[in-house]
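The values are calculated or read from the model by the stated rules, or taken from the named source; none is laboratory data. As the structure is a computational prediction, the values presented were derived from the model and not from experiment. Glycine also receives a Cβ, built like all others from the backbone with ideal geometry; neighbour counts cover every protein chain displayed.
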């Protein structure tokens with residue numbers, strides 16, 4: 001794909017003086033040995049890390065790292081790949097943007113920093129740039145006994161705006177063995193570990209679609225979207241995560257922590273209801289027979305500036321269609 005693009009660009013330049021090949025090419029992909037850089041308007045927005053070892057650290061699942069706003073402000077924590085003053089070195093498994101879960105057929109895919117278990121990247125099926133970039137990948141969830149449990153098929157659409165970049169995630173998990181059971185735990189599922197300036201004891205502020213604010217009021221509750229906003233280098237920035245109505249166990253519960261973990265977890269229903277002292281808490285109990293699938297859909301928006309609840313509601317309505 002990348003070779004074809006550059007060859008086309010050269011031929012276009014030679015033979016067509018008025019060629020407009022790149023006018024709509026806002027998103028481009030640069031494939032390297034251990035990652036794929038995603039560029040928006042020529043600047044790196046993030047990188048999809050495909051290697052099991054990156055910058056001297058184990059990577060036990062595919063991640064997007066680092067992550068920048070359109071103005072170039074990094075919104076994710078750098079640890080464990082680099083040391084940054086003010087950052088906490090807790091939870092080394094919280095790396096970039098990630099999708100994983102604990103307690104899958106008694107294998108813990110959330111807390112591990114060594115493998116097995118491992119979510120192993122296998123292939124890139126499409127990397128297509130344009131006004132919107134599309135990256136399609138395949139991975140396997142490999143148990144602590146090195147048995148492939150799940151096939152993960154992931155589509156990530158990178159959608160640039162004037163002062164934001166959104167990533168539309170569609171992830172399908174398909175059972176590769178007779179039965180795959182997901183335990184009921186808070187440790188999951190779709191997450192970003194944010195820069196220390198976005199922690200609640202700095203400038204970070206959570207707001208949910210229900211109107212709840214801060215960790216004590218948003219954690220372990222359902223909501224269709226959540227915003228985390230704050231100030232980095234004197235600039236207002238934010239992250240919004242939306243859960244699509246077609247996603248498993250919508251609307252998701254939120255494992256959103258003031259110390260910097262921002263996570264949507266639709267599968268930890270019993271753990272969250274019990275923690276919230278809900279009467280008669282019930283487990284969701286996702287279980288897949290061989291060949292059965294579960295679908296997870298999220299939209300993450302990385303932005304400069306500020307977003308009102310009304311603006312976010314309108315964006316959610318558009319996303320949910």
(request) Go through (1) touching a residue at least 40 places away in the same chain (Cβ under 8 Å); (2) in a helix (DSSP H, G or I) one by one and return the number of the condition residue 274 breaks. (result) (1)
(message) Which numbered condition in (1) modelled with pLDDT under 95; (2) in contact with a helix residue (DSSP H, G or I) (Cβ under 8 Å, 6 or more places away or on another chain) is the only one that residue 56 fails?
(response) (2)
(request) Taking only segment 219-229 into account, find how many residues are surrounded by fewer than 21 Cβ atoms within 10 Å (Cβ to Cβ) and outside any loop (DSSP other than H, G, I, E, B). (result) 2
(message) Among the listed residues 72, 130, identify the single one that is over 25 Å from residue 253 (Cα atoms) and in contact (Cβ under 8 Å) with a residue 40 or more places away in the chain.
(response) 130
(message) So in segment 94-127, with the set limited to residues that are free of Cβ contacts under 8 Å to residues at least 60 places away in the same chain and crowded, with 19+ Cβ neighbours inside 10 Å, which one is farthest from residue 151 (Cα to Cα)?
(response) 112
(request) Determine, yes or no, whether residue 187 is more than 22 Å from residue 314 (Cβ to Cβ) and in contact with a helix residue (DSSP H, G or I) (Cβ under 8 Å, 6 or more places away or on another chain). (result) no
(request) Tell me which of these residue 236 doesn't satisfy, since it passes every other one: (1) in contact with a strand residue (DSSP E or B) (Cβ under 9 Å, 6 or more places away or on another chain); (2) free of Cβ contacts under 8 Å to residues at least 60 places away in the same chain; (3) not in a loop (DSSP other than H, G, I, E, B). (result) (2)
(message) Among the listed residues 254, 219, 225, identify the single one that is under 14 Å from residue 206 (Cα atoms) and in contact (Cβ under 8 Å) with a residue 60 or more places away in the chain.
(response) 225
(request) For segment 238-254, enumerate the residues that are in contact with a helix residue (DSSP H, G or I) (Cβ under 8 Å, 6 or more places away or on another chain) and either surrounded by fewer than 24 Cβ atoms within 10 Å (Cβ to Cβ) or over 22 Å from residue 278 (Cα atoms) (or both). (result) 239, 240, 242, 244, 245, 249
(request) Filter segment 1-43 down to residues that are loosely packed, with under 14 Cβ neighbours inside 10 Å and modelled with pLDDT of 95 or more and give me whichever is nearest to residue 130 (Cα to Cα). (result) 41
(request) Report whether or not residue 65 is without any contact (Cβ under 8 Å) to a residue 40 or more places away in the chain, buried (at least 19 other Cβ atoms within 10 Å of the Cβ) and either in contact with a helix residue (DSSP H, G or I) (Cβ under 9 Å, 6 or more places away or on another chain) or under 30 Å from residue 203 (Cα atoms) (or both). (result) yes
(request) Can you confirm whether segment 198-210 contains a residue that is surrounded by 20 or more Cβ atoms within 10 Å (Cβ to Cβ), without any contact (Cβ under 8 Å) to a residue 40 or more places away in the chain and in contact with a helix residue (DSSP H, G or I) (Cβ under 6 Å, 6 or more places away or on another chain)? (result) no
